[in-house]
Amino acid sequence: MAIEPRLRVLPPEARPVGWYVSPGWNDHSVLTYFLGEGGNVTGVVVSPAMSERQKALRQAARTQGAQVVLDPHVMEQAFRGGNARGSIQRLPWARTSPATPSELAGHNGAELIQMLVSAIAEAGADAVISPTHYLSKGIRDPWWPVDLVLALRLRRELDRQGFRDVRIFHRLAVPAALLRDDPSQLSNMAARIRRLPIDALWLRTHPSGVAHSGPFVFKGLLQGCSALHAIGVPLVFERGGPVGVALTAFGVAGGIESAICGGESFDVNALRQLPDPSVEGFGPPIRVFVPELMSYVPKDEAYALLGNRLMNARYGCRGRCCAKSGPEGSVRDSRRHFLYRFSDQLEKLSHVPEHRRPQAIISEVNGAVRGLVQARTVAPSLGGSQERLTVLGHSLDAALAARMVGHYSLPDFDYRRQARRTREGALRPHALG
Ligand SMILES: [Zn+2]
């Protein structure tokens, strides 16, 4: 089944792959550094809970022409575990108990929107992720009607307070099975969201990531994303890792969102579990990104890999990030290394003519799988990665054989330049073909 292009088709050179970075709770300084050196990210996702700490980051983003996107973290607040997290408790709209649909449908919802607009103003944000929730029951979920009203109220309030140029990126968080098994429900959703005054759709599916990328699942993602093109705004896939990159290569997503050295999957059950107080506040263990293998290795295995002459020759970083420090620098400053190398990978994909991108990502995945056969003998934890990428490779082959390739509209990352050109400010949203 070929996917019909619904969005405005731009010349291939004008359609690079966009990338939004979520710095996470400890990474904002690394990202500031990266932006300051000219990193090519579309935007950075900031948190109102870290307003003071992320000041320099927001400034760097502005200087670099990257969008500052505010995530209100409202989705997390609806779960007992999510709401109890320290990071969520530091939000200006922190709550003692999880949010419920009936509560946010009324006055409390209006109050939340007020606080949100204040936070947007304070952060000088260019865009905000709409305060939506995880829809476990899809269109029958009690959050569904509440979220639509909240998005409308947010646009109205932004306009009323003079923030007409602040964009709304509408987050749709749904079970992956819904995308796959219920096309009529999805088109109902798309028809309803289409009437919302939004500028992009941020799609998050549960479960996501390379561990869930079998042919059936990937086909469902391709079909689901292309059904959502009916909304007529750019589509950004959140928390997909290599699967997200593949979705952009297959032309059904215009961009992806990723955290630094992590956040390449989403499992809603993690939000249901109460945080472990003994590990709260500590960052995840250090992992080093190996782009040629599309994988990460833990710190100790990274040293073993670099200590092996053959592996060092193949996978030791010779990128700009580690030019001065040598490959060992990628372990010492693993987050900076990730930002550069992941960015390079997306840039490379952007330079491949669109019709050849599916084949390009397939070659990349197959190359990684071949490399992993040997690399796992030195770094055994790569075994899992080899298995998962093998599955992804099969899925991509099957999708290409079925000609499931689409055309996306790119995220509007060059809107600042547009804003300077037009008197009305930024153009929005992207036109339909
Ligand atoms: Zn490096």
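Could you list, in sequence order, the residues of the range 22-69 that are of a type in the set (Asp, Glu) and closer than 23 Å to Ser118 by Cβ?
Correct list: Glu52 only.
Among the numbered conditions (1) more than 13 Å from the ligand (Cβ to nearest atom); (2) crowded, with 20+ Cβ neighbours inside 10 Å, tell me where Leu274 comes up short.
Only one criterion is unmet by Leu274, namely (2).
Among the candidates Ala375, Ala368, which residue alone is within 22 Å of Ala246 (Cβ to Cβ), away from the ligand (no atom under 13 Å from the Cβ) and within 25 Å of the chain's Cα centre (by Cα)?
Unique residue meeting the criteria: Ala368.
In the range 296-319, which residues are within 15 Å of the ligand (Cβ to nearest atom) and under 24 Å from the mean Cα position of the chain (by Cα)?
Those that are within 15 Å of the ligand (Cβ to nearest atom) and under 24 Å from the mean Cα position of the chain (by Cα): Tyr296, Val297, Gly319.
Which of (1) within 19 Å of Arg336 (Cβ to Cβ); (2) outside the structural domain of Val46 (by TED's automatic domain parsing) does Ser258 not meet, given it meets every other one?
Among (1) within 19 Å of Arg336 (Cβ to Cβ); (2) outside the structural domain of Val46 (by TED's automatic domain parsing), Ser258 violates only (2).
Can you tell me which residue among Asp126, Asp141 is without any contact (Cβ under 8 Å) to a residue 12 or more places away in the chain and among the charged types (D, E, K, R)?
Asp141
Can you pull out the residues in the range 72-92 that are touching a residue at least 60 places away in the same chain (Cβ under 8 Å) and not in a helix (DSSP H, G or I)?
Within the range 72-92, Ala78, Phe79, Arg85 meet the criteria.
Report, by residue number, each residue of the range 368-397 that is over 16 Å from Val210 (Cα atoms) and either touching a Phe, Trp or Tyr at 6+ places or on another chain (Cβ under 8 Å) or assigned to a helix (DSSP H, G or I) (or both).
Within the range 368-397, Arg370, Gly371, Val373, Gln374, Ala375, Arg376, Thr377, Val378 meet the criteria.
Working carefully through the options Pro285, Pro327, find the one that is assigned to a loop (DSSP other than H, G, I, E, B), within 15 Å of the ligand (Cβ to nearest atom), over 20 Å from the mean Cα position of the chain (by Cα) and surrounded by fewer than 23 Cβ atoms within 10 Å (Cβ to Cβ).
Pro327
Please work out which residue is modelled with the highest pLDDT, limiting yourself to the range 93-107 and to residues that are in a helix (DSSP H, G or I) and loosely packed, with under 15 Cβ neighbours inside 10 Å.
Ser102
Would you call Arg335 in the same structural domain as Val297 (by TED's automatic domain parsing), within 16 Å of the ligand (Cβ to nearest atom) and among the basic types (Lys, Arg)? Give the steps one after another, and end with the answer.
Numbers: in the same structural domain as Val297 (by TED's automatic domain parsing): yes; within 16 Å of the ligand (Cβ to nearest atom): yes; among the basic types (Lys, Arg): yes.
Here the answer is yes, as Arg335 does meet what is asked.
The values are calculated or read from the model by the stated rules, or taken from the named source; none is laboratory data. Quick caveat: nothing in here was measured; it's all calculated off a predicted structure. With ideal geometry, Cβ positions are generated from the backbone for all residues, glycine too; neighbour counts draw on all protein chains shown.
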